[in-house]
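Some notes on the structure that comes next.
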Amino acid sequence: MGSYTSRGTFQPEELVALKTVFDELTAEPCFEASDEARESFAKYLFEMFPAMTFNPIKHRSII
């Protein structure tokens with residue numbers, strides 16, 4: 001597992017919010033459709049927004 005596991009535990013609603021953003025952005029035509037690109041983006045989200053720091057309204061524009 002990645003280093004993000006040492007930064008706390010994600011609450012279910014945080015995971016749902018991250019997954020929603022992930023699903024929306026990876027469905028965009030400009031997103032590379034490879035498994036490697038999707039995995040890399042998922043890791044980016046977990047590393048950029050450790051548990052208890054992600055606010056989908058505030059951070060969507062950053063992502």
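Name the shape class, rounded, prolate or oblate, that the alpha-carbon gyration tensor gives for the chain, where a ≥ b ≥ c are the square roots of its eigenvalues, rounded holds for a/c under 1.5, and otherwise prolate holds if a/b is larger than b/c and oblate otherwise. Oblate.
The residues of the chain expose, per residue, 71 Å² of accessible area to a 1.4 Å probe. Rolling a 1.4 angstrom probe over the range 19-63 with all protein chains present gives an accessible area of which 57% lies on carbon and sulfur atoms. In the chain, the DSSP-assigned H stretches of four residues or longer account for a calculated mean residue ellipticity at 222 nm of -16000 deg cm²/dmol, using -39500 (n - 2.57) per stretch and the full residue count as denominator.
Rounded to the nearest Hz, the phi-derived 3J(HN,Hα) couplings of the range 34-42 under the Karplus curve 6.51 cos²θ - 1.76 cosθ + 1.60 (θ = phi - 60°) are 7, 4, 5, 5, 5, 5, 4, 5, 4, where x marks glycine and proline.
Note on the chain: with charges restricted to the Cβ of Lys and Arg (+1) and Asp and Glu (-1), its dipole about the Cα centre is near 300 debye.
Between amide H atoms placed 1.01 Å from N, distances below 5 Å from Ile63 occur with no residue 5 or more places distant or on a separate chain.
The values are calculated or read from the model by the stated rules, or taken from the named source; none is laboratory data. Remember, predicted model here, so these are calculated numbers, not experimental data. Neighbour counts run over all protein chains shown; Cβ positions are idealised from the backbone, glycine included. In case anyone asks, the SASA skips ligands and DNA or RNA and just uses the protein heavy atoms, side chains included. Shrake-Rupley method; radii C 1.70, N 1.55, O 1.52, S 1.80 Å.
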